[in-house]
1. Among the lysines, which fall within straight-line cross-link reach of residue 98, defined as a Cα-Cα distance under 21 Å, with same-chain neighbours fewer than 8 residues apart omitted?
2. Whenever you get a sec, compute what percent of the accessible area on the chain sits on carbon and sulfur atoms (1.4 Å probe).
3. Looking at the chain as a GNM with Cα springs under 10 Å, which of 25, 35, 56 has the largest mean-square fluctuation?
4. Write down the accessible area per residue of the chain in Å², having rolled a 1.4 Å probe over the full set of protein chains.
5. Cβ under 14 Å from residue 14's Cβ, residue 14 left aside: what net charge do those residues give with Lys, Arg +1 and Asp, Glu -1?
6. Which one of 36, 57, 73 has its Cα pushed farthest toward the positive end of the charge dipole of the range 15-115, where Lys and Arg give +1 and Asp and Glu give -1 at the Cβ?
7. Rank these residues by their accessible area, most exposed first, probe 1.4 Å: 6, 46.
8. Treating cross-link reach as a plain straight distance, find the lysines whose alpha-carbon is under 26 Å from the alpha-carbon of residue 86, omitting any fewer than eight places away in the same chain.
Amino acid sequence: QVQLVESGGGLVQPGGSLRLSCAASPGIFGINVMSWYRRAPGSEGELVALITRDGSTNYADSVKGRFTITRDNAKNTVFLQMNSLKPEDATEYYCHVKLDSGADYWGQGTQVTVSS
């Protein structure tokens with residue numbers, strides 16, 4: 001069973017920064033794509049950023065130039081550095097991983113609040 005443990009959410013003022021982390025269970029092999037999604041209550045989820053095993057990245061237009069996704073393959077961990085945060089970035093963020101086998105897993109979510 002793959003477990004994803006997220007951390008790094010919290011309260012920040014507009015223009016501030018947060019760094020989210022998501023660690024997958026040790027010993028898990030074949031993690032292909034690692035992603036961050038966000039979803040506000042009552043709305044569809046949005047892909048924020050993804051990173052492949054070889055380091056290729058993709059970002060939602062709304063976060064380009066402000067957010068950076070990275071990963072540590074040795075530690076099965078993915079990070080999301082969020083800078084210049086806006087009130088509209090405030091919501092629940094979820095980590096997602098997809099294995100080479102096709103199986104995929106979600107984290108429990110971490111809340112990001114942007115408010116003065």
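1. Straight-line reach from residue 98, under 21 Å: 75.
2. On the way: 2940 of 6100 Å².
With neighbouring chains kept in place, the figure for the chain is 48 percent.
3. 56
4. Details: 6100 Å² over 116 residues.
Accessible area per residue, the chain: 53 Å².
5. On the way: positive: 66, 86; negative: 88, 89.
Taking every other residue near residue 14 into account, the sum is 0.
6. Most positive-ward Cα: 73.
7. Working: 6 15, 46 65 Å².
Highest to lowest solvent-accessible surface, that is 46, 6.
8. Straight-distance partners of residue 86: 64.
The values are calculated or read from the model by the stated rules, or taken from the named source; none is laboratory data. Owing to the predicted nature of the structure, the values given are computational and were not obtained by experimental measurement. Because the Cβ atoms are built from the backbone with ideal geometry, glycine has one as well, and the counts that use them run over all protein chains shown. All accessible areas refer to the heavy atoms of the entire protein, side chains included, with ligands and DNA or RNA removed. Shrake-Rupley method; radii C 1.70, N 1.55, O 1.52, S 1.80 Å.
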